[in-house]
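Have a look at the structure below before the remarks.
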Amino acid sequence: MKTWPRKGRDARTSARAPSARGYPTTLTRTAHSAGVVLGGAGSAPGRVAPIPAHASRVRAADLVIVMPVIFPDVRARSKPVQSEPMTDTIRAAVMSAPRAPIEIRAFPAPRPAPGGAVLQTLLSEVCGTDVHLHHGRLAGVPYPIIPGHVSCGRVLETGGALNDVEGQPITTGQLVTFYDVFGTCGACWHCLVARAATRCPHRRVYGITTSASEGVLGGWAERIEIRPGVRLLPLPDGVDPLAFMGGGCGLGTGLHAVERAQVALGDTVVVQGSGPVGLNAAVFAAMSGAASVLMIGAPAPRLAVAREMGVDETLDLADTPAPADRIAWVRARTAGRGADAVIEATGNPQAVPEGLEMLRDAGRYVIVGQYTDAGDATINPHRHLNRRHATVLGCWGYEFTHFHRAIALLRRHDRRLGWRRLVSREYPLDRAGEALAAMAALEVVKAVIRP
């Protein structure tokens, strides 16, 4: 079994980020399978639970222990807990329930299963999906969870020899990311007949459909357990980890949306929405040969980033609140026809009928932003679809191929485009709750956690 020496945590934050609040560092052994509560991230500390004297000790490698433990309420930080200090634990930020404060909990340090690995987390993203998770807008989420579905880190330990998709060995100390989807069966109707692996009923996603009771399966943690079969991708030489995180999940999602839109040389493409998915979709549309890329979104700082990354023209929703005026803006730039392709990346259902009005006859409309059920929208089947001869496509997540190719494109074009500019702020683990709030308020383009 290979090991890599531990390095000290990098607690650097950006100049715009206030200093982190301190929390007790003395931990105690516990049999709680979802961790020991140390404190709320960005809020008052929580509870520390000593294990009763009659209980057996917990090994650091244990992930789930069924021994019952009664959690006393420890309210005074000045009164230390009288129990054996924990010597092999890691901290993680836990979302215990919708709308609940983010908590910092201790977990037994993960060990790799045969065919798996453990990463020392370098960076993990805070994205719109995490906001949806905190608002309780996704069904079937097994709270409590450790968020962070796209991350990068150093290989700390492996459970045997591992290779990447190119057949090259994965080595300890190597800087890698991983495809956050696992469990896709490759044997069901969706996988084999429809060839739509993103709809496999066995599909699971780190930081979204994994409970904290199952292990450290999310990036808002000091280490991440890589399950056997999860695909590791080395970050190419010369790729800045912050540039990769600036792209984050928007890399694969944006590439998939552009692929679905079949963007062709000389097309005019409209992107509705200026978040990370919309920004990446605009970048990949331009790479695909679009002659003109237009973006409609808000707030203004995001649109400024879009122009810096090559979007030809932007329209601020705050300056043009009437949908009819936004539609006219697009038609004025397309000789009255409308765009060849429109990509919806807003999450607002009302953007869909508006986007269809921006589309030319026989154009392609891709819906990638409706990741949660935010309500209904009304369309006219005759005017919007049939008479327009429109092709309308959904786009759910992304597959390994999109993630792999997007990283290759980032390596090729980052010097020119500068994905790092999408990262507005870095936050330490203790302030994960603040990072989530900033993302929800659109104060940042992308926030990242640096444990």
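Highest mean packing comes first when the peptides 360-372, 160-172, 307-319 are listed by Cβ atoms within 10 Å, giving 360-372, 307-319, 160-172. Between ALA291 and ARG337, the contour length at 0.36 nm per residue exceeds the alpha carbon distance by 15.0 nm.
Residue ranges 108-117, 236-245, 132-141 sort as 108-117, 236-245, 132-141 when ordered by packing (mean number of other C-beta atoms within 10 Å per residue, highest first). Modelled this way, with points 7 Å down the Cα-to-C-beta line, the labels at ARG387 and ALA362 are 1.9 nm from one another.
Label separation (ARG99 vs ALA113): 3.6 nm, computed from points 7 Å beyond Cα along the C-beta direction.
Sorting check: for 196-202, 98-104, which peptide has the highest mean count of neighbouring beta carbons within 10 Å, and how do the rest follow? Spell out each step's value before the answer.
Values: 196-202: 15.0, 98-104: 19.0.
In descending order of packing, they fall as 98-104, 196-202.
Using C-alpha positions alone, give me the convex hull volume of the range 249-394 per residue in cubic angstrom.
Numbers: hull volume 14.2 nm³, N = 146.
Expressed per residue, the convex hull around the Cα atoms of the range 249-394 is 97 Å³.
A crude spin-label estimate for the pair ARG195 and THR172, with each label 7 Å from Cα along the Cβ direction, gives 4.2 nm.
Computed from the coordinates by the stated procedures, all read-outs in this text should not be read as laboratory data. Here the structure is a predicted model, which is why all the values come from computation and not from measurement. Because the Cβ atoms are built from the backbone with ideal geometry, glycine has one as well, and the counts that use them run over all protein chains shown.
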